[in-house]
């Protein structure tokens, strides 16, 4: 997985962004799609790793990037845009596409929009939740269905979420596609079958859905109990986080975990299963 460049299929090459970290795992994955003189690039890395651009240029060879598709606005996915566009690696007509663009030079991506490169079709699937502007891309090659998931689903671990309701709907849409291979924004590519002949890509998405349901049950279980040495005023989000994420010590990761707790609580509140009083949470 830590190979800086990995050929996934005849038309897909993964190029690692070389920016490892607690939230980027081994680094941000970018994907070069196509086999002809004009290629499509999915995401661009953070723009701060010179070796990434060397690897991208070497992978292209005599080919050029004619289109950049962005999964969402986070810096580790869009930071390399300006360097790539100002380099000799692109065609004069190279265009950047992003859902809900804020840059006037970028074109919007709509649900079901199709992008063709050589004999591959990439179809946009709007998948909000990780961010409001998040998009995944579906493509097929030689009978194999690939899903470029951005940060909706990672190759390992779980993702940070902005809005849980839309996120769960996005996971459901991804599961319904029954992809054979996941091309995640971080972590290893997910492909193949498990010992019981289940498609691993489908199992991973299903696991994400079950994981969120499990966290929701854990939070409800906490809310049903009184806070130790408390007068019944309820649980703070920090206290709930400490209970259900006892092994997290990195402050940055703990803040992300507490944000997940908050999102679950807001969802429970909207469903009439929890309420808050003066910043503390109680079960309904």
Open item on the list: Consider the stretch 188-207. How many of its residues are closer than 10 Å to residue 149 by Cβ and either touching a helix residue (DSSP H, G or I) at 6+ places or on another chain (Cβ under 7 Å) or in the same structural domain as residue 144 (by TED's automatic domain parsing) (or both)?
Closed with: 2
Open item on the list: Quick check on the stretch 1-48: of everything there that is closer than 15 Å to residue 64 by Cα and out of contact with any strand residue (DSSP E or B) (no Cβ under 7 Å at 6 or more places or on another chain), which residue is surrounded by the most Cβ atoms within 10 Å (Cβ to Cβ)?
Closed with: 35
Open item on the list: Quick check on the stretch 141-163: of everything there that is outside any loop (DSSP other than H, G, I, E, B) and modelled with pLDDT of 95 or more, which residue is farthest from the chain's Cα centre (by Cα)?
Closed with: 144
Task: In the stretch 12-25, the residues that are closer than 18 Å to residue 54 by Cβ and either at pLDDT below 95 or in contact with a helix residue (DSSP H, G or I) (Cβ under 6 Å, 6 or more places away or on another chain) (or both) - done: 13, 15, 17, 18, 19, 20
Open item on the list: Please return the ranges of helices (runs of 4 or more DSSP H) entirely within the stretch 1-108 where 1 or more residues are within 22 Å of residue 144 (Cβ to Cβ) and over 15 Å from the mean Cα position of the chain (by Cα).
Closed with: 50-60
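Let's see how each residue does on (1) in contact (Cβ under 8 Å) with a residue 40 or more places away in the chain; (2) touching a strand residue (DSSP E or B) at 6+ places or on another chain (Cβ under 7 Å); (3) farther than 18 Å from residue 159 by Cβ:
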position	(1), (2), (3)
222	no, yes, yes
238	no, no, yes
244	no, no, no
258	no, no, no
263	yes, no, no
Open item on the list: residue 54 - would you say it is at pLDDT 95 or above, touching a helix residue (DSSP H, G or I) at 6+ places or on another chain (Cβ under 9 Å) and surrounded by fewer than 23 Cβ atoms within 10 Å (Cβ to Cβ)?
Closed with: no
TODO: Kindly list the number of the only condition in (1) closer than 15 Å to residue 207 by Cα; (2) crowded, with 19+ Cβ neighbours inside 10 Å that fails for residue 125.
DONE: (1)
Open item on the list: Please return the ranges of helices (runs of 4 or more DSSP H) entirely within the stretch 196-271 where 2 or more residues are over 26 Å from the mean Cα position of the chain (by Cα).
Closed with: 200-223, 237-244
Open item on the list: Could you check the stretch 150-163 and list, in sequence order, the residues that are surrounded by fewer than 18 Cβ atoms within 10 Å (Cβ to Cβ) and within 19 Å of residue 203 (Cβ to Cβ)?
Closed with: 156, 157, 158
Task: Filter result for the condition that a residue is closer than 27 Å to residue 17 by Cβ, modelled with pLDDT under 95 and surrounded by 12 or more Cβ atoms within 10 Å (Cβ to Cβ), over 166, 179 - done: 166
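The values are calculated or read from the model by the stated rules, or taken from the named source; none is laboratory data. Every value quoted in this text rests on a predicted model; they were computed, and no experiment measured them. Cβ sites come from the backbone with ideal geometry, for glycine too, and all protein chains shown count toward neighbours.
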